[in-house]
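*Asks:* Got a structure for you, questions after.
The values are calculated or read from the model by the stated rules, or taken from the named source; none is laboratory data. Computed from a predicted model, the values in this text were never measured in an experiment. Note: ideal-geometry Cβ built from the backbone for every residue, glycine included; neighbour counts use all protein chains shown. Just the protein is used for accessible areas: all its heavy atoms, side chains included, with ligands, DNA and RNA removed. Shrake-Rupley method; radii C 1.70, N 1.55, O 1.52, S 1.80 Å.
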Amino acid sequence: MEKAKKIWYIKPSHPKLQCELSKGLGVSPLVSQLLINRGIKNLEEAKSFLYSSINDLSDPWEIHGVKEACARFLLAKEKGERVLIFGDYDVDGLTATAVMVEFIQKTGLQVESLTPNRLQNGYGLSLEMLPAIEEKNCSLVITVDCGINSLEEVKLLKDKGIDVIITDHHLPGPILPEASAVINPKLKAPKEAYDLAGVGVAFKLVQALSEKLQLEDQTHEMLDLVALGTVADIVPLFGDNRILAKEGLDALSTTKRKGLKALIDVCGIKTDTITTQELSFGLAPRINAAGRVGDSGLALELLLTKSIQRSDELAKILDRTNKERQVIEGAILNQADEMLNQLDLSAQRVVVLASELWHPGIVGIVASRLVSRIYKPVILIALEGDKGRGSVRSIYDCNIHEGLKYCSGVLEEFGGHEQAAGLTISHDKIDEFRKKINSWAWDNLNENIFIQKVFGDVEVVLPELHKELVKELENLAPFGEGNPSPLLMCRGLKVIKSKKVGKLENHLKMLVSSEAATIDAIGFRLGTYDEIASSGNMVDLAFQLETNLWNGIESLQLKLKDIKASGYNNEIQIASQDPIAEYDPKDDIKDQYDLQAMFNHFYKDKHHKNLYVVCETVDFSNILFKYWNSYLKNLTIESYFLSGKNTYAEIDHIIQSEKQKIIFVSSAFWNYYQSLIDSSSSAVIRIDASLNNNSTNVNNIVAKINYSSISLGETIDFSSSNPCIIWVKGKSGMKTILSKLQSTKNSNSISIWDPEFNYYKQGEMLERFNKGITNALVTYHCLPRGYITRKSMDVFFEFPLDRFNWNYLMIPSDSTLLYAGQDIKDISNLIQGMFPTKDTLKLIYKLARQFKRELIDIEYGRVQEILTRQGINISEKSYKNMLNIFQELSLTGKADDPQVDLKESWRYQENIQQEQAIKEFYNAFVQ
């Protein structure tokens with residue numbers, strides 16, 4: 001089956017709030033952003049999220065119906081009535097039933113319990129269950145995890161003299177049942193209690209009754225059950241749910257319940273490492289299996305039994321039942337796969353499959369698996385006789401409940417929500433339903449909905465990751481719905497090595513690197529990505545951060561969730577509505593050229609196809625391109641840097657493209673091409689690196705620039721106690737500095753500003769340094785100094801080597817400059833190799849005539865060998881540029897080549913301009 005295309009999203013960062021939370025909580029900025037992503041808006045909310053305990057639970061008396069329910073129960077206690085707890089067959093319903101049964105037993109009342117059979121009775125308090133309720137001979141029924149929409153059933157019970165207290169968390173309808181009390185946080189409750197699971201609602205009633213009856217606090221003994229039901233029902237782990245899950249996980253590790261201890265042993269779970277994962281994939285499936293393919297009463301018995309022997313028996317029964325469920329699930333999945341292979345999936349936006357062989361209690365699980373494979377809504381219908389019971393699973397941004405409403409005329413009944421639902425349908429209506437639901441999907445759903453989305457929390461760079469961060473991330477636990485385990489994203493990583501691992505070779509183990517960091521990664525069931533992630537390739541990774549213990553050594557590891565090839569057309573997108581309206585790291589000062597305003601106008605106006613930004617030199621043009629590229633990507637505008645290194649074919653392809661774009665070029669490029677460009681569809685901005693009286697400039701007079709030299713080691717020591725900006729020119733310089741800094745400093749104390757970071761990450765790094773969260777900022781020359789508002793020392797590991805670039809940096813005139821690179825006088829040799837002289841060009845041309853070969857066929861290594869013997873040094877990039885100059889002048893090295901003037905070559909002029917700008921800067925440092 002073909003893999004679905006995916007779009008990666010991350011949420012925009014909020015650097016100012018990040019720094020506020022980091023200072024107030026003493027956590028890393030990354031953890032602060034994760035808190036922001038989870039809806040935290042201030043320090044008080046953050047502290048509540050991280051540090052709340054059982055004593056911080058919301059007041060149960062503020063939930064709708066609690067007062068009335070307590071009054072009715074107190075009456076039952078006074079009269080000695082028999083009480084029936086009516087629950088549901090899933091984990092939430094069964095744990096809620098167990099909580100209520102245990103509590104009522106402690107009040108001295110007689111209590112019975114009853115749960116429906118999924119296959120025979122269906123969900124909840126139904127008409128079919130009324131005879132069974134009457135047989136229990138109870139005068140008060142308390143429903144848990146159901147009943148909110150059982151209007152007719154409650155009325156019939158009332159007519160028979162049986163009162164009902166409803167505790168439920170599902171959405172109520174417009175009319176409530178005529179019950180003695182209806183407890184439902186969806187009707188009225190503190191915000192912390194709004195999303196309680198069914199077991200959470202039952203727990204709130206127990207809280208209130210314990211207070212009314214002046215009983216010793218009963219809540220702690222129930223927290224293990226409450227956590228299990230809360231996590232299993234996939235409710236948001238915020239507010240009360242977070243506290244109940246967190247405290248309940250601790251209670252589970254030391255639980256005294258014989259049944260839970262036996263089930264934990266059967267699952268092979270270590271009690272010192274119980275997390276939501278163990279509940280969701282260990283305990284919950286085995287308890288749910290009883291309700292799906294067996295008798296849910298056995299699971300309830302396991303939760304309540306006091307017998308060790310019976311606990312062991314029941315745990316083994318549930319384990320066998322779960323294995324039976326897995327076999328049935330596998331068989332249904334294989335049959336559904338065969339059906340899918342016979343379908344034209346391109347013609348179906350909603351897949352509807354049906355079979356008489358399928359188990360109605362299992363089809364929902366299989367539907368979810370199919371959705372993850374084909375990324376389309378899936379409806380699986382288990383047929384029995386002339387009826388079918390179906391489970392519906394949908395995809396992000398597709399409200400399948402609306403689709404079912406559209407098809408209500410062919411359905412007997414349906415219910416659910418946007419992402420999951422259930423239905424009942426007549427066998428002979430299935431074909432009509434399939435056509436109708438697909439008609440709705442084609443008419444109402446955009447095709448982009450069917451592109452799979454991967455939602456990450458934050459984009460990181462490898463140097464930000466360290467083992468202490470793993471411990472910080474654990475403070476955000478428990479993880480689950482609404483608070484997922486943090487998914488980090490990192491782009492532009494080089495694969496050092498990779499290999500398939502596992503018996504089936506379906507896993508992928510990698511070693512990746514970026515900047516000054518190298519780290520291991522493991523991708524379970526990602527073996528099919530081995531070509532994308534082969535050695536030497538550049539990849540983007542979505543992962544969870546963890547530590548791996550091997551042979552007694554603990555190391556950092558990326559637990560991969562997705563992999564994609566790096567590249568402009570495959571970018572990580574920012575989940576943002578209006579890219580201009582979002583946080584702007586350039587808000588602090590106005591850019592000296594006000595390019596941002598011009599780019600925003602270009603983005604909104606759409607009048608011109610191309611916008612050319614013309615700079616005096618090619619290096620300065622490249623600097624501006626690097627700085628603005630991330631901002632333009634955020635505006636979804638393509639941007640390019642063109643120079644003499646590009647071939648005519650490359651230049652023509654970009655210029656003639658119909659997409660709206662901004663192109664950064666040198667004045668030499670523009671002087672040649674402006675007459676060839678359609679002026680009606682293009683606009684131009686000319687950049688003049690004008691002087692700024694408040695900054696240190698290299699002008700045409702070339703004033704002496706003062707600096708002090710220090711060693712690299714002294715730079716590292718200096719940055720430990722002084723805020724400093726360390727300037728580098730390229731990736732090798734960045735790697736050198738970071739490797740030294742990280743050997744002596746905590747990664748949390750270093751900010752990195754890189755033009756390849758996304759727009760928000762750049763602002764985030766700046767804000768961290770400006771607000772004093774970090775003490776060292778390592779940055780490239782394309783970041784104007786004016787955006788750094790914190791008083792700092794400027795340490796140059798590498799100078800920009802261009803007077804226009806230097807002026808662009810806007811280094812304050814009163815700034816103390818330190819230089820930690822190679823001897824400035826040795827740079828003259830580097831400059832000589834960067835730009836070929838007229839004599840060098842002539843020499844290479846003569847070599848071609850001498851070798852009787854065309855210029856393009858002479859390898860760089862051979863030319864370098866000959867030139868070196870004559871004391872001439874040129875780089876490989878410079879040699880390629882020379883070949884472009886020869887090609888521009890139609891010189892091949894043959895005897896019939898025309899006589900030419902080098903000044904006719906715009907590429908040569910571009911080199912001359914750049915060489916002059918560099919020499920002017922260089923002279924300012926050596927005179």
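*Asks:* Restricting to segment 158-203, count the residues that are of a type in the set (A, V, I, L, M) and under 31 Å from the mean Cα position of the chain (by Cα).
*Replies:* 5
*Asks:* Hey, another quick one. Quick one: which helices (runs of 4 or more DSSP H) sit completely within segment 8-59 and have at least 3 residues that are in contact (Cβ under 8 Å) with a residue 40 or more places away in the chain and under 29 Å from residue 565 (Cα atoms)?
*Replies:* Ranges flagged: 29-37.
*Asks:* From the list 543, 524, which one is open to solvent by 70 Å² or more (accessible area, probe 1.4 Å), within 16 Å of residue 507 (Cβ to Cβ) and in contact with a strand residue (DSSP E or B) (Cβ under 6 Å, 6 or more places away or on another chain)?
*Replies:* 524
*Asks:* Still on this structure, please answer the following. Assigned by the TED database to the domain that holds residue 215, within 19 Å of residue 260 (Cα to Cα) and of a type in the set (D, E, K, R) - does that describe any residue in segment 91-103?
*Replies:* Scanning segment 91-103, I find at least one residue that is assigned by the TED database to the domain that holds residue 215, within 19 Å of residue 260 (Cα to Cα) and of a type in the set (D, E, K, R), so the answer is yes.
*Asks:* For segment 503-565, which strands (runs of 3 or more DSSP E) that fit wholly inside it have 3 or more residues that are touching a Gly at 6+ places or on another chain (Cβ under 9 Å) and within 19 Å of residue 7 (Cβ to Cβ)?
*Replies:* Per the criteria, 538-550, 553-565.
*Asks:* Kindly evaluate residue 206 against the criterion of being closer than 21 Å to residue 93 by Cβ and over 26 Å from the mean Cα position of the chain (by Cα).
*Replies:* Taking the combined requirement at face value, the residue satisfies it.
*Asks:* Would you point out which residue out of 602, 664, 625 is in a helix (DSSP H, G or I), buried (at least 19 other Cβ atoms within 10 Å of the Cβ) and modelled with pLDDT of 90 or more?
*Replies:* Sole residue among the options that is in a helix (DSSP H, G or I), buried (at least 19 other Cβ atoms within 10 Å of the Cβ) and modelled with pLDDT of 90 or more: 625.
*Asks:* Residue 459 passes all but one of (1) over 29 Å from residue 396 (Cα atoms); (2) surrounded by 18 or more Cβ atoms within 10 Å (Cβ to Cβ); (3) among the acidic types (Asp, Glu); which number fails?
*Replies:* If we test residue 459 against (1) over 29 Å from residue 396 (Cα atoms); (2) surrounded by 18 or more Cβ atoms within 10 Å (Cβ to Cβ); (3) among the acidic types (Asp, Glu), just (1) comes out false.
*Asks:* Restricted to segment 463-478, and to residues that are modelled with pLDDT of 90 or more and assigned to a helix (DSSP H, G or I), which residue is farthest from residue 249 (Cα to Cα)?
*Replies:* 469
*Asks:* Taking residue 493, is it buried (at least 16 other Cβ atoms within 10 Å of the Cβ), in a helix (DSSP H, G or I), in contact (Cβ under 8 Å) with a residue 60 or more places away in the chain and not assigned by the TED database to the domain that holds residue 35?
*Replies:* When the stated conditions are applied, residue 493 does not pass them.
*Asks:* Right, something else. What number goes with the only condition from (1) touching a Lys or Arg at 6+ places or on another chain (Cβ under 9 Å); (2) under 12 Å from residue 425 (Cα atoms); (3) of a type in the set (A, V, I, L, M) that residue 367 does not pass?
*Replies:* Just one mismatch for residue 367, condition (2).
*Asks:* Taking the criterion of being assigned to a helix (DSSP H, G or I), on the phi > 0 side of the Ramachandran plot and either touching a residue at least 60 places away in the same chain (Cβ under 8 Å) or in the same structural domain as residue 185 (by the TED database) (or both), would at least one residue in segment 271-285 satisfy it?
*Replies:* no
*Asks:* For segment 151-181, how many residues meet the condition of being of a type in the set (A, V, I, L, M) and open to solvent by less than 10 Å² (accessible area, probe 1.4 Å)?
*Replies:* So the answer is 6.
*Asks:* Can you give me the number of residues within segment 305-342 that are of a type outside the set (D, E, K, R) and open to solvent by 60 Å² or more (accessible area, probe 1.4 Å)?
*Replies:* The qualifying residues number 7.
*Asks:* Something else about it: Among the residues of segment 64-78, is any part of a strand (DSSP E or B), surrounded by 24 or more Cβ atoms within 10 Å (Cβ to Cβ) and aromatic (Phe, Trp, Tyr)?
*Replies:* Scanning segment 64-78 turns up no residue that is part of a strand (DSSP E or B), surrounded by 24 or more Cβ atoms within 10 Å (Cβ to Cβ) and aromatic (Phe, Trp, Tyr).
*Asks:* With respect to the numbered conditions (1) in contact with a Cys (Cβ under 9 Å, 6 or more places away or on another chain); (2) hydrophobic (A, V, I, L, M, F, W, C); (3) buried (at least 22 other Cβ atoms within 10 Å of the Cβ), which one is the sole condition not fulfilled by residue 199?
*Replies:* (1)
*Asks:* Scan segment 848-899 for residues that are open to solvent by less than 80 Å² (accessible area, probe 1.4 Å), among the charged types (D, E, K, R) and at pLDDT 75 or above and report the count.
*Replies:* Qualifying residue count for the region: 2.
*Asks:* Could you tell me whether residue 586 is at pLDDT below 90 and buried (at least 17 other Cβ atoms within 10 Å of the Cβ)?
*Replies:* So residue 586 passes the test.
*Asks:* Go through the residues of segment 108-126 one by one and say whether even a single one is surrounded by fewer than 16 Cβ atoms within 10 Å (Cβ to Cβ) and more than 45 Å from the chain's Cα centre (by Cα).
*Replies:* yes
*Asks:* Here's another thing I want to ask about it. May I ask you to list the residues in segment 881-900 that are of a type outside the set (Phe, Trp, Tyr) and either touching a Pro at 6+ places or on another chain (Cβ under 7 Å) or under 18 Å from residue 645 (Cα atoms) (or both)?
*Replies:* 881, 882, 883, 884, 885, 887, 888, 889, 890, 891, 892
*Asks:* Any idea which residue in segment 104-134 is farthest from residue 154 (Cα to Cα), counting only those that are in contact with a helix residue (DSSP H, G or I) (Cβ under 7 Å, 6 or more places away or on another chain) and of a type in the set (Gly, Ala, Ser)?
*Replies:* Step by step, filter segment 104-134, then rank; the result is 113.
*Asks:* Going by the conditions given, is residue 262 farther than 29 Å from residue 37 by Cα and touching a Pro at 6+ places or on another chain (Cβ under 7 Å)?
*Replies:* Here the answer is no, as residue 262 does not meet what is asked.
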